[in-house]
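Taking it in order: structure first as structure tokens, then the write-up.
The values are calculated or read from the model by the stated rules, or taken from the named source; none is laboratory data. None of these values were measured; they are calculated from a predicted model. For neighbour counting, all protein chains shown are included, and Cβ atoms are generated from backbone atoms with ideal geometry for every residue, glycine included. What goes into the accessible areas is simple: the full protein's heavy atoms, side chains included, and nothing from ligands, DNA or RNA. Shrake-Rupley method; radii C 1.70, N 1.55, O 1.52, S 1.80 Å.
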Amino acid sequence: DRHPQFHADLREYIEKSYSIAAQALTRFQQIKTERGLIDFGDMEQKLLAALDVPAVRERVAAELELLLVDEFQDTNPMQLAIFMKLAALADKVIFVGDVKQAIYGFRGCDPELVRDTLDALVARGSASDVLEYSWRSRHSLVEYVNSVFSTAFAGELETRQVVLEARRRDEVDEPAVLKWTLTGNAAKQAAQIAGAVAELVRSGFSIVDPETKRPRPASWGDIAILAARNEQVEQIAKALRAAHVPMKMTLSGLLSVPEIALAKAALRRLNDPADTIATAEIVAMTSGL
């Protein structure tokens, strides 16, 4: 690992990789320019550049009374630069965000960036207000979340930045959190989830209706299942379908099932009567009917 030729090879590989990436980005930009197109990154860059134009700054300063940025924790460095330039032109600025939710690292957001920005604003005389109450979630759920996250963020955030006081009472006697223990491989776990969901609804588990604000039994439409990866979601969806649990998701293999394949062939034949492949597919799939 100390051989000069090995180091030279690594350097050449890395430099060429970056060179190829730079050439690809340059060519990509050329294609967009030739076709009169911009992407979201271009929008941010052009807006940032425009805010340095004196005429633009003068116009914005004359019209911008309030700059309100919600979900501030999702801010990336480019957007932060835009917000700071706009803030200098606005009569009043309000940033609303939660450092605990700064999870979109793949989009360039950074918890440290958000925290440092807020600290800098406070140091310059801006007011900081931490929400103390939760009006949305039931009391027992808020207490559960307080217990989990006050421990998780101990030493990183002040207690007042994590713990909320619940102002909504528990309208039902059902527990706010249920624990399902899953065992076996991914397929078995997906089947267990499907069975647990079916049992939950069929048991008459009580929830508060979001419209009437009154207790009622949970229905299929009240349930959402989240997973870390798309393949897990698809596997769970297949397990739900196998358990005859109503669910809404487009499975990757849906277009290959016979009825969909027949419908596609019929549409192709309708569009082009000379499409012999579509005709053959229709004949093949309906010959036994």
One-quarter of the Cα convex hull surface for segment 185-289, in nm²?
10.5 nm²
Given the options 150, 203, 134, state which has the largest fluctuation in a GNM of the chain using a 10 Å cut-off (strictly under) for Cα springs.
203
Got a number for carbon plus sulfur as a percent of the chain's accessible area, 1.4 Å probe?
57 percent
How do 214, 27 rank by accessible surface area computed with a 1.4 Å probe, from largest to smallest?
214, 27
Just check the chain against the gyration tensor rule for me: Cα atoms, a ≥ b ≥ c as the square roots of the eigenvalues, rounded for a/c under 1.5, and otherwise prolate or oblate depending on whether a/b exceeds b/c.
oblate
Those lysines that a straight Cα-Cα span of less than 26 Å connects to residue 46, excepting residues fewer than 8 apart in one chain
32, 85, 92
How much of the DSSP beta bridge set in the chain is antiparallel, as a percent to the nearest 5?
30 percent
Given the whole protein assembly as supplied and a 1.4 Å probe, what does the accessible area of residue 14 come to in Å², nearest 10?
90 Å²
Please list, ordered by chain and number, the residues whose modelled amide H lies under 5 Å from the amide H of residue 166; skip anything fewer than 5 residues away on the same chain.
134
Per residue, in Å², the accessible surface of the chain once ligands and nucleic acids are set aside, probe 1.4 Å:
73 Å²
Using only the Cα atoms of segment 1-125, build the gyration tensor, take square roots of its eigenvalues as a ≥ b ≥ c, and label the shape rounded, prolate or oblate: rounded if a/c is under 1.5, else prolate if a/b is larger than b/c, else oblate.
oblate
Taking the Cα centre of each part, how many Å lie between segment 212-249 and segment 68-91?
37 Å
Under a Gaussian network model of the chain whose springs join Cα atoms within less than 10 Å, the largest fluctuation of 165, 12, 156 belongs to 12
Leading residue at positive end of dipole, segment 77-231 (Cβ point charges), from 176, 140, 224
224
Counting alpha carbon pairs within less than 8 Å and at least 6 residues apart, what relative contact order, in whole percent, applies to the chain?
9 percent
Report the one residue of 13, 33, 48 whose Cα lies farthest in the direction of the positive end of the charge dipole of segment 1-82 (charges on C-beta: Lys and Arg +1, Asp and Glu -1; origin at the Cα centre).
13
Furthest towards positive pole of dipole, 192, 76, 86, structure part the chain, Cβ charges
192
Apply the Karplus parameterisation 6.51 cos²θ - 1.76 cosθ + 1.60, with θ equal to phi minus 60°, to every residue of segment 266-281 and state each ³J(HN,Hα) to the nearest whole Hz, in sequence, with x for glycine and proline.
5, 5, 5, 5, 5, 6, 9, x, 8, 6, 5, 5, 4, 4, 5, 5
Segment 90-225, dipole about Cα centre (Lys/Arg Cβ +1, Asp/Glu Cβ -1), debye to the nearest 20
380 debye
Treating cross-link reach as a plain straight distance, find the lysines whose alpha-carbon is under 27 Å from the alpha-carbon of residue 188, omitting any fewer than eight places away in the same chain.
179, 238, 248
By the gyration tensor of its Cα atoms, with a ≥ b ≥ c the square roots of the eigenvalues, what is the shape of segment 101-203: rounded for a/c under 1.5, prolate for a/b over b/c, or oblate?
oblate
Estimated 222 nm signal from helices in the chain, with DSSP H stretches of n ≥ 4 weighted -39500 (n - 2.57), rounded to 500:
-16500 deg cm²/dmol
Give me the dipole magnitude in Debye, nearest 20, for segment 115-178 about the Cα centre, with unit charges on the beta carbon: positive for Lys and Arg, negative for Asp and Glu.
180 debye
Please check: in the Gaussian network model of the chain (C-alpha springs, under 10 Å), which one of 138, 229, 160 has the largest mean-square fluctuation.
229
